[in-house]
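Input: a single structure, listed below in structure tokens.
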Amino acid sequence: MNKKNGIFIILLIMFSCGIVVEKDISLDELQVIAPSDSVVVPTGELTFRWELLEGATNYELFVVSPGFSKIQSVALDTVFGEVNGHNVVFEPGDYEWSIRASNSAYFTSSIIRSFSVPDSSQILDLTEEVVTLFSPTSNQVWSSGKVIFTWSEVEKATAYHLLVATPSLREPLEIVFDSEISDNKHQLDLENGTYEWEVTATNKYSESDGSSNAFVVANP
């Protein structure tokens, strides 16, 4: 009996006995679509989504609080068939979750991420807050290349997003500065020219509308 015939006979016997040969998915990676890691979910309603994996027949979703290193409660422990999503509403708290794909013989490595649901009293809404720009003022001519940006503090903010462009924010030729800072002032060295700057107050839950001014640097 040659090797090919031997393999054919083994497969024929397995098929006749109802033995299913599962695909080895142990080295495959399950692609998670949502949620992203460390996301904050103010409403508590969260949709888990993943891509179906070839060869997988089940998806094991496990959610604990506050985390896998110190499990105080199990929020969800379930196995789904060939579906690629599930919607759940969670109580306020910190959570970690894992998901892996499996079949009757193999399973993938688990993908582990975290999320949090804030208590309603902890949500600090900045959408109605206004940042007042102090300097440079609107259309001010700044006679030094060292420009000091200052603005009002917003009580609920944990950071401020400062954006500086030339010649304008709407039609920028160059974004000079684009970053979050914790203070309500910042200094930049700028070349002569026309600029526009904007500040947005932010925290982990929301952000304010941006406040902007145009100014000119004319360093002799």
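The values are calculated or read from the model by the stated rules, or taken from the named source; none is laboratory data. Since the model is a prediction, treat every value here as computed from it, not as a measurement. With ideal geometry, Cβ positions are generated from the backbone for all residues, glycine too; neighbour counts draw on all protein chains shown. What goes into the accessible areas is simple: the full protein's heavy atoms, side chains included, and nothing from ligands, DNA or RNA. Shrake-Rupley method; radii C 1.70, N 1.55, O 1.52, S 1.80 Å.
Side notes on the structure shown:
- Angle in degrees between helix 3-16 and the longest Cα principal axis of the chain, rounded to the nearest 10: 90 degrees
- Three principal axis extents describe the C-alpha atoms of the range 99-189; from largest down they are 73, 37, 21 Å.
- Theoretical ellipticity at 222 nm over the chain - DSSP helices of four or more residues, -39500 (n - 2.57) apiece, nearest 500: -2000 deg cm²/dmol
- When the alpha-carbon atoms of the range 26-164 are used, the pair Rg, Dmax equals 22.4, 74 angstrom.
- For the range 124-153 versus the range 39-64, the gap between their alpha-carbon centres in whole angstrom: 43 Å
- The range 121-220: GluC sites (Glu not before Pro) falling in loop per DSSP and having at most 14 other Cβ within 10 Å: 128, 153, 155, 191
- With all protein chains modelled, accessible area of residue 24 [1.4 Å, Å²]: 80 Å²
- Exceeding the 22 Å Cα-Cα cut-off - candidates 156/204; 146/204; 146/185: 146/204
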